[in-house]
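J.: Just dropping this structure here.
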Amino acid sequence: PDRPCRLLAIGPLPPGLHASLRERYQLVALWEQPDPGAYLREHRGRFDGGVTMSRHGCTDAMFACFPGGVLGCFGVGYESVDLEAARRHRVQVSTTPDVLNDCVADLAFALVLAVARQIPAADRHVQAGRWPTAAYPLATRVSGKRLGIVGLGRIGQAIARRASGFDMALRYHGRAPKPGAGLEFEPDLGALARWSDFLVLSCPGGAATRRLVSAGVLDALGPEGYLINISRGSVVDEAALAQAIAQGRIAGAGLDVYADEPKVPAALLGRDNVVTLPHIAASTRETRHAMERLVLDNLHAYFETGAVLTPPA
Ligand code: 8YV
């Protein structure tokens with residue numbers, strides 16, 4: 001193009017990505033506008049594309065600013081991006097799949113170990129100087145146990161590979177069986193929860209999975225079962241989870257995501273059997289850098305060839 005493309009940044013971006021985008025494009029920060037709603041109304045059709053993150057999403061009014069253009073989404077989860085509006089405005093959407101699979105699966109497994117072996121609590125025991133006077137209580141074995149995966153996508157499969165290194169028995173639940181997965185499909189989530197020692201959530205967020213993990217599913221997991229969530233907080237009925245934890249109806253939980261981040265229900269805090277992380281599964285320097293690169297590559301590919309590289313799965 002003879003002029004730099006104009007991009008609308010929907011919300012604050014990682015600083016490295018923001019800087020790289022500004023080198024190549026005319027970038028306008030929507031959130032810095034005094035009245036973002038008015039800005040959107042006044043700038044319909046004035047942009048070539050947009051950039052967002054999973055947590056900011058993209059609405060119809062935003063897509064209307066770059067019809068026939070492109071949206072680069074930093075993140076693999078796109079439940080906050082209105083794909084129906086994207087289609088109406090003929091906007092191609094890209095996300096950042098695959099580059100984060102390993103780090104997210106690593107963190108899922110870190111949560112399995114952290115919560116079952118009580119690593120944060122045992123560390124607090126030593127740090128507080130309690131070891132000389134009190135032995136740390138016994139924890140729960142991980143190797144050889146049963147791990148149920150909800151959502152055997154690319155991240156779920158990376159979790160399965162890690163679990164097989166721990167000699168775990170594996171089953172999975174999802175909308176449909178994955179032919180060739182080599183794992184047993186369980187069509188009933190309650191049955192999977194009943195079978196599982198660890199129930200790991202790695203499915204997408206959005207309407208189709210909202211509060212899939214209900215009080216009933218938690219009771220099926222039962223007092224010996226652990227819930228691990230690295231997908232989206234919306235997949236769990238969080239009030240039911242808080243209650244199940246408070247009443248000891250499940251053994252514990254390892255959580256990286258919550259229904260209303262950064263809020264964490266008080267009932268999930270201050271317990272040795274609940275490990276709460278601040279949505280960091282993809283947050284390694286290496287993975288964040290690869291995600292930034294993929295956002296840039298998608299925008300570049302779109303402006304050069306008319307097609308993004310990694311549209312939503
Ligand atoms: C990001 C994520 O940190 O990829 C996703 O869907 O949840 C994380 O990798 C986050 O989305 C950035 O907004």
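Read the figures in this text as sums done on the coordinates, not as results from a lab. Fair warning: this is a prediction, and the values are worked out from it, not measured in the lab. Cβ: placed from backbone, ideal geometry, glycine included. Neighbour counts: every protein chain shown.
J.: Counting only complete DSSP H runs, which helices of the chain cover 18 Å or more along their long axis at the Cα atoms and score a mean Kyte-Doolittle of 0.5 or above? The partial results should precede the final answer.
T.: On the way: long enough: 101-116 (23 Å, 1.74); 285-305 (29 Å, -0.77).
Taking the DSSP H segments of the chain (at least 18 Å long, mean hydropathy at least 0.5), we get 101-116.
J.: For the chain, what is the convex hull volume of its Cα atoms per residue in Å³? Show your work: numbers first, answer last.
T.: Working: hull volume 47.5 nm³, N = 313.
Cα-based convex hull of the chain, divided per residue, equals 152 Å³.
J.: Could you tell me the distance between the Cα centroids of the stretch 192-210 and the stretch 125-175, to the nearest Å?
T.: Each part's Cα centre sits 15 Å from the other's.
J.: Could you give the nm distance between label points at residue 154 and residue 167, where each point is 7 Å from its Cα heading toward the beta carbon?
T.: Once both label points are built, they end up 3.3 nm from each other.
J.: For a quick check, take a GNM of the chain with Cα springs below 10 Å and name the residue from 232, 210, 41 with the largest mean-square fluctuation.
T.: Of 232, 210, 41, the most mobile in the Gaussian network model is 41.
J.: For the residues 10, 155, what sequence is obtained by ranking on other C-beta atoms within 10 Å, fewest first? List each step's numbers first, then the result.
T.: On the way: 10 24, 155 28.
Neighbour counts put them in this order, fewest first: 10, 155.
J.: How long are the semi-axes of the equivalent ellipsoid of the stretch 101-276, taking √(5λ) for every eigenvalue λ of the Cα gyration tensor, in whole Å from largest down? Let's see the in-between values first.
T.: Working: eigenvalues 135, 69, 41 Å².
After scaling each eigenvalue by five and taking roots: 26, 19, 14 Å.
J.: With labels modelled as points extended 7 Å from the Cα through the Cβ direction, what inter-label distance (nm, one decimal) is found for residue 211 paired with residue 313?
T.: 2.6 nm
J.: Express as a percent, rounded to the nearest 5, the fraction of DSSP beta bridges in the stretch 101-276 (both residues included) that run antiparallel. List each step's numbers first, then the result.
T.: Values: 1 of 24 bridges.
Approximately 5 percent, going by the DSSP bridge assignments.
J.: Quick check: net charge around residue 7, other residues with Cβ under 10 Å of its Cβ, Lys/Arg +1 and Asp/Glu -1?
T.: Details: positive: 6, 22, 24; negative: 48.
That sum, taken over residues with Cβ under 10 Å, equals +2.
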